[in-house]
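Below: one structure, written as structure tokens.
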């Protein structure tokens, strides 16, 4: 009964549990960590090296598996593994990958690896620090790969703990406040996710926690709508959507640079991924009806985030607000309910993951040297740090959707997706595009003015003797910017990874006609 | 052997390759590459040289009547949507390719001399190659979206190059302003492209224009919507080609090194807007109203630029406003439905204006040895004078440029400007009147520049005046670490700078003869039918009075400049400026457009952002935090929360799981 609904599964049943290996390898590394000899002094690099080795191996396995074993032409789930784990509550170790999860798994693998490399100088409680990063790597891979709701939820929750501790222990001066706010927001949101998921699972005659089977359930309007809204708020906190975004500037402002890379590069993407996996895939009829609302929130995100960013005086908080603005395009793309829009949303997640991580990394790199992030207190850094300047400028240009960089392709896809959505009226599309395009004008204003105030201008005498980026930092920067450039120049590299899966999503959506919002309001 | 057009994709790719190689080198081995000036220059020059040779071959083929070539490939796709990219070679493109590669090559040679003492020599050359590549890509783009891609890329190169001296506050502001103002234009361009795609389902020029007329006939697209889209698209050219009111970035962009002002902000990039309008001619020709609006904006720009140029004391700024004005002429031609005339002026202007800018660079280069590396001093004409004796080649070429731009036959500017004015006379007589008046102003301000710079006696050693100028700019000499270089003597620039000047003088004199109205080889290349038509309807009776009038008003302008600044017979300060102080103030403040811009948009957006952040911190954050506290049972919950975060958190997670188990128990429906 269970397998009958999954035609693609039998065909691609993997002989070797590759996905489990990808998920569990970092966990095994974390388990090894306490076995390392107690460091004699505070300069032991063993934990770092172990984490780096494990994550590099994990990343290479990902690349190998997803390029050799995984077939990109297939839109459905592949490499499926299903083992009954706790039968009395229906929990299964159920993993599977499709075009939506694969790019994000690889992205999170890359970002985590680079985040460990960026944590080179961490000396304080380094064993705990790197253990947490390894745990985080496992948990986030599990979020993207799990095909069982309960497993997904556990992973979703598990991944909060390392981030919480990483902010609360290694953060800035207001770290307690930021970490608390982060956990408060996400934990409460999790409750909504749990309730919505269980309501879906319990609905109808047969109970199931399997995501693919949940998609096949048909729901009556009222309950489906409640579940949809529950998911939207729950995942929206992570994305983040307005008005649930206020934890993000605080978290970014206090987290150290490697943790910020994780936050922006991976955690925000979980929100977008889950929206696609749950709201779009499981509740397509409701999604189609609520799409205009999603677009409205997306526009608010884009414009409101950009305006907030412009007023921020702290480099990291400004980039954090720019994330709010950029993730608005993910909402817009998902709201466009066609292949082009969803493809744009996917690409925007990948692109923003790379670019925001790059910006936070470079920020951290000059913060180590200048010890300040306050924009009014800086200036003339380019004179002493020309390479850092080049990297920061390049990622700023990428972030403002310069053609030739990945952000342009994703944002233009979202725009085209909305333009060509015949389900919306011309007026709605015109207004949407007009308002969203205002974001395109605001982005260079806040990014380039930050570049100007931090890097341009005469040299500040106090900064006379600092060194520019070292080869390790160069490598990390290039590892983030080269993919951005490659995708920008030849977007098929990324699009081919997910296109067959997003096309299925879009077809599924177009099967549900647009009734408009009025129909939905007749809940009785 | 393949035809040149078949391998024309190499034209933008070659400079890109060069830029990528040196760029990667700069990032990874900064110090080493910065020392390898000669090899870098040789590599990039040969890349660009090869591109130039290919461009000439392409142009020769097109002159010989070869058909257009187009090659496309699928760049991106989703569902049943595909986005083709590729390149197209046609007569218009071939002309632009040759023009851009020629000037870029000469500017690169020139930069070898101009940037010789600059630490950023290699970076400068890399940016130059990157710009050339983007600009060439723009020219061969077969559809609007690809145009948009390169449109933004040339904008980025302009940003990088205006901000090249990043330790100068002025450069930093100017670069940002250039990018943001251009983004405002691109905002309209993008909306227009999306609108046209919505209406026609196409991005390529032919598809759009035929699709739109079809859609209007069928009634699926209302006329006003089509008009709006055309005007939105035109916002792009307005920003890029510095048309009123989006021209404000161009004069500020003079903060960049002078070779850049010549290449990007006079000859090539700013002409891209005119080029795009020419590409879209089949679209715009369907809407006479759009043409009229373009013509009016062009005329306003034309007059505005010339009027501000009348009072400028900064040599480069004077040339910059002259560029604004000349771009206005080109747009006027486009609006009159005469793209050939507009393109012809683009070509002639590119040569003589590049030469003028390079000439000003040569002057500044010499002045820097006397007054130091301080742009406020080195570019101010009050400190110049009498330079002709010290730098004869620069002076002669600058003089040729002045005659050419003033429209004195048989030099280049005469033929192209006269054709535009002739077209305007037939289409919009009122606009012709303004353009005609502007021609006189052009002749006056150009010769004013020439006389103040090259004739009379040298005023550069006047220390009091220097102090005064620095004070007026709010920048005392102690702050700048450049100003202390020891005073040297004036000298002619090295051969690498004078050679490009001399080469550019040749087309500045002769290229106009390609476009004589009775036998226009330029028109024959772009549109053979129209060329025959032009030759047929040409009559000396019509041509001579108009041309005579143009030459007449230019002569008047030149005469006033001679009397005022060379022979010193009339004191323009006393007789004109002080008699109309309000007009003089209005012009000196550049029509107050910068102040309006600063007050309305810059301050306005800053204030708005501040208020939004306030709302975010107090209202949005406050509400969300409060609801969080309420669910925890207010203060008690917070206390518990502060002391036992981890426990509380674990409680939620495991509470959830326990709830799950209980739920299953109650339902009594364990899954199999």
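Only the coordinates and a few stated rules stand behind these numbers; no lab work does. These numbers were taken from a predicted model, which means no experiment stands behind them. Neighbour counts run over all protein chains shown; Cβ positions are idealised from the backbone, glycine included.
Some observations on this one:
- Only helices enter this figure: runs of n ≥ 4 DSSP H residues, each worth -39500 (n - 2.57), summed and divided by the residues of chain B, yield -23000 deg cm²/dmol at 222 nm to the nearest 500.
- Full extension of the chain between residue A:466 and residue A:377 gives 30.4 nm of extra length, using 0.36 nm per residue less the Cα-Cα distance.
- Computed log10 I(q)/I(0) for chain A at 0.10 Å⁻¹: -0.74, from the Debye equation with unit scatterers placed on every C-alpha and solvent omitted.
- Shielding value for B:71-84 is 6, the average number of Cβ atoms from other chains within 10 Å of each residue's Cβ.
- Angle between chain B longest axis and helix B:412-427 axis [Cα atoms, degrees, rounded to 10]: 70 degrees
- Cα centroid separation, the stretch A:377-391 to the stretch A:176-231 (Å): 46 Å
- Three-way shape call for the stretch B:455-594 based on the alpha-carbon gyration tensor, with the a/c threshold at 1.5: prolate
- Degrees separating the helix B:37-63 axis from the principal Cα axis of chain B, which is the longest one: 70 degrees
- Gyration tensor (alpha-carbon) shape descriptor, the stretch B:191-236, a/c threshold 1.5: oblate
- Other protein chain C-beta atoms within 10 Å of residue C-beta, averaged over A:447-458: 5.
- Kirkwood Rh, angstrom, the stretch A:341-403 [1 / mean 1/r, Cα pairs]: 12.9 Å
- Ranked for footprinting exposure by Cβ neighbours inside 10 Å, fewest first, A:468, B:595 give B:595, A:468.
- Mean residue ellipticity (222 nm) of chain A, computed from DSSP H runs ≥ 4 via -39,500 (n - 2.57), nearest 500: -22500 deg cm²/dmol
- B:502, A:374, A:215, A:325 arranged by Cβ crowding within 10 Å, fewest neighbours leading: A:374, B:502, A:215, A:325
- Taking the Cα atoms of the stretch A:205-336, the ratio Rg/Rh between the radius of gyration and the Kirkwood radius comes to 1.04.
- Per-peptide packing, taken as the mean over residues of other Cβ atoms within 10 Å, places A:252-262, A:152-162, B:599-609 in the sequence A:252-262, A:152-162, B:599-609 from highest down.
- Förster radius 22 Å - calculated FRET efficiency between residue B:537 and residue B:292, Cβ distance, rounded to 0.05: 0.45
- Expressed in Å, the radius of gyration and Dmax of the Cα atoms of the stretch B:386-441 are 14.7, 47.
- For the protein assembly as shown, radius of gyration divided by Kirkwood radius, i.e. Rg to Rh on alpha-carbons: 1.01
- Shape of the stretch B:34-108, Cα gyration tensor, a/c cut at 1.5: oblate
- Rg and Dmax of the stretch B:208-302, both derived from C-alpha coordinates alone, stand at 15.6, 53 Å.
- With kT/(6 pi eta Rh) evaluated at 10 °C and eta = 1.306 mPa s, and Rh the Kirkwood radius from Cα pairs, the stretch B:528-576 diffuses with a coefficient of 117 µm²/s according to Stokes-Einstein.
- One Cα centroid belongs to the stretch A:450-513, the other to the stretch B:260-323; the line between them spans 35 Å.
- Shown for the stretch A:116-260 is the translational diffusion coefficient from the Stokes-Einstein equation, using the Kirkwood radius over Cα pairs, a temperature of 10 °C and a viscosity of 1.306 mPa s: 96 µm²/s.
- Sorted ascending by nearby beta carbons within 10 Å, beginning with the fewest, B:317, B:463 become B:463, B:317.
- Over every Cα atom in the stretch A:283-524, the radius of gyration and the widest Cα-Cα span, Dmax, amount to 19.9, 71 Å.
- On Cα atoms only, tilt of A:221-238 relative to the major axis of chain A in degrees: 10 degrees
- All alpha carbon pair distances within chain B were sorted into 10 Å bins beginning at 0; the resulting P(r) in whole percents reads 3, 14, 24, 24, 15, 8, 5, 3, 2, 1, 0.
- When both the stretch B:377-398 and the stretch B:1-15 are represented by their alpha-carbon centers, they are found 41 Å apart.
- Counting Cβ atoms of other protein chains within 10 Å of each residue's Cβ and taking the mean over peptide B:142-153 gives 2.
- Calculated diffusion of the stretch A:233-297, Stokes-Einstein form, Kirkwood radius summed over Cα pairs, 4 °C and 1.567 mPa s, µm²/s: 102 µm²/s
- Each peptide in B:175-183, B:321-329 receives the mean, over its residues, of other Cβ atoms within 10 Å, and ordering these scores from highest gives B:321-329, B:175-183.
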